[in-house]
Amino acid sequence: DPRGVYSCEINGKRSPPLQVHYRMCQNCIEVDAPTISGIVVADVVATIFLAVAVYCITGQDKGRMSRASDRQNLIANEQLYQ
C-alpha cells in the first residue's frame, strides 16, 4: 500500500507534509479504457440484437388471416349491450 507522509519541494521551498493513507481492496480489478470501451460496445451490440429479435418476432403477425368476427361488427351501433 502506498501510504506514508509526503511533501513537495519546489525551488528549495518545502511544502507542509501530507499524510496519505490509501487502502486497496483485495478482490478489485483494474478497469482501463479498452475494458470500458469493450463493455460499452458489447452493450450496444446486445441492445441492437435484442431490438432486431423483438422486431422480427412481432412482425410475424402480418401474414395472419383475419377471422370473420374481426371484419364485422358483433353488436350493431343502435343496440344496447345487456
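The values are calculated or read from the model by the stated rules, or taken from the named source; none is laboratory data. These numbers were taken from a predicted model, which means no experiment stands behind them.
Quick notes on this structure:
- Scanning region 5-61 for residues that are of a type in the set (Ser, Thr, Tyr) and modelled with pLDDT of 95 or more turns up 37, 47.
- Qualifying positions in region 4-34 - outside any loop (DSSP other than H, G, I, E, B) and either over 25 Å from the mean Cα position of the chain (by Cα) or not aliphatic (A, V, I, L, M) (or both): 4, 5, 6, 9, 10, 13, 14, 18, 19, 20, 34
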